[in-house]
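S.K.: One structure is given below, represented as structure tokens, and several questions about it will come after.
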Amino acid sequence: MRKACNLQKGHIVAINGQPYQVKNIDVQTPSARGANTLYKVRLQAVIGGGKLEQTYKGTDTLEEMELERRPVSFLYRDQDMFTFMDTENYEQYTLARENLEDQAPWLADGLEGISARLLNGQILAIELPAAVDVDIVETVPAIKGATATNRNKPAVLANGVTVMVPEYLSPGETIRVNTETGKFMSRVR
């Protein structure tokens with residue numbers, strides 16, 4: 001059992017015996033004294049893809065599903081299907097794009113450090129590494145002599161995602177990006 005206040009994006013919980021993945025959590029703190037903090041949770045059915053929105057108090061408990069975790073690497077994408085390979089027993093799993101949502105742009109061929117969550121041998125979801133290294137493809141040139149201030153500019157990455165990067169970076173450089181927030185973390189030397 002997991003309290004609603006401890007839920008995180010990506011957790012898989014059982015609602016009416018069916019697995020649902022937490023997609024988003026909005027925290028609402030009422031201003032009245034003694035009022036409970038409310039957690040508005042958006043869930044998606046792992047099987048079938050239906051969406052569900054529930055509101056919980058911080059002390060409400062949800063049944064967390066016991067899932068097997070397996071280390072996998074991303075092999076390839078075939079239209080809207082993504083194929084992963086277990087790095088220990090070389091078994092392959094396929095997952096549809098709608099189960100990945102905002103994770104799909106960060107998947108590059110051969111990406112390792114991914115954790116697959118399985119139920120009865122069937123892949124339900126993946127957890128990406130906290131950060132990935134991606135090359136900058138396009139960005140505006142830096143202004144000479146403007147290094148005294150900490151300014152950012154948009155940069156298009158090799159995976160097509162646009163992120164804000166420091167002004168001194170140029171195309172061809174590799175940066176580290178947070179896979180959950182999609183924000184620049186550092187330059188890779």
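S.K.: Can you name every one of the strands (runs of 3 or more DSSP E) wholly within region 78-159 that holds 1 or more residues which are at negative phi, in contact with a Ser or Thr (Cβ under 9 Å, 6 or more places away or on another chain) and among the hydroxyl-bearing types (Ser, Thr, Tyr)?
M.R.: Those strands (runs of 3 or more DSSP E) span 81-86, 92-96, 131-139.
S.K.: Out of region 160-174, which residues are at negative phi and either assigned to a loop (DSSP other than H, G, I, E, B) or in contact with a Leu (Cβ under 7 Å, 6 or more places away or on another chain) (or both)?
M.R.: Of everything in region 160-174, those that are at negative phi and either assigned to a loop (DSSP other than H, G, I, E, B) or in contact with a Leu (Cβ under 7 Å, 6 or more places away or on another chain) (or both) turn out to be 161, 163, 167, 168, 169, 170, 171, 173.
S.K.: Ok, one more. How do the pairs read when you match residues in region 6-27 that are crowded, with 16+ Cβ neighbours inside 10 Å with residues anywhere that are of a type in the set (Ser, Thr, Tyr), using Cβ under 9 Å and keeping only pairs 6 or more apart or on different chains?
M.R.: 7/39; 7/56; 12/20; 13/20; 25/39
S.K.: Something else about it: Just give me the residues in region 86-121 being surrounded by 11 or more Cβ atoms within 10 Å (Cβ to Cβ), aromatic (Phe, Trp, Tyr) and either under 20 Å from residue 50 (Cβ atoms) or over 14 Å from the mean Cα position of the chain (by Cα) (or both), in sequence order.
M.R.: 93
S.K.: When you go through (1) in a strand (DSSP E or B); (2) in contact (Cβ under 8 Å) with a residue 60 or more places away in the chain one by one for residue 72, which number turns out not to apply?
M.R.: Exception for residue 72: condition (2).
S.K.: Taking the criterion of being more than 30 Å from residue 11 (Cα to Cα) and surrounded by 14 or more Cβ atoms within 10 Å (Cβ to Cβ), would at least one residue in region 174-187 satisfy it?
M.R.: Yes, region 174-187 contains at least one residue that is more than 30 Å from residue 11 (Cα to Cα) and surrounded by 14 or more Cβ atoms within 10 Å (Cβ to Cβ).
S.K.: Could you tell me which of the residues 102, 60, 80 is under 30 Å from residue 4 (Cα atoms) and touching a helix residue (DSSP H, G or I) at 6+ places or on another chain (Cβ under 7 Å)?
M.R.: One residue alone meets the criteria, 60.
S.K.: Looking only at residues in region 3-21 that are hydrophobic (A, V, I, L, M, F, W, C) and at pLDDT below 85, which one is nearest to residue 118 (Cα to Cα)?
M.R.: 12
The values are calculated or read from the model by the stated rules, or taken from the named source; none is laboratory data. Quick caveat, the model's predicted, so the values are computed rather than measured. Cβ coordinates were reconstructed from backbone atoms using ideal geometry, including for glycine residues, and neighbour counts include every protein chain displayed.
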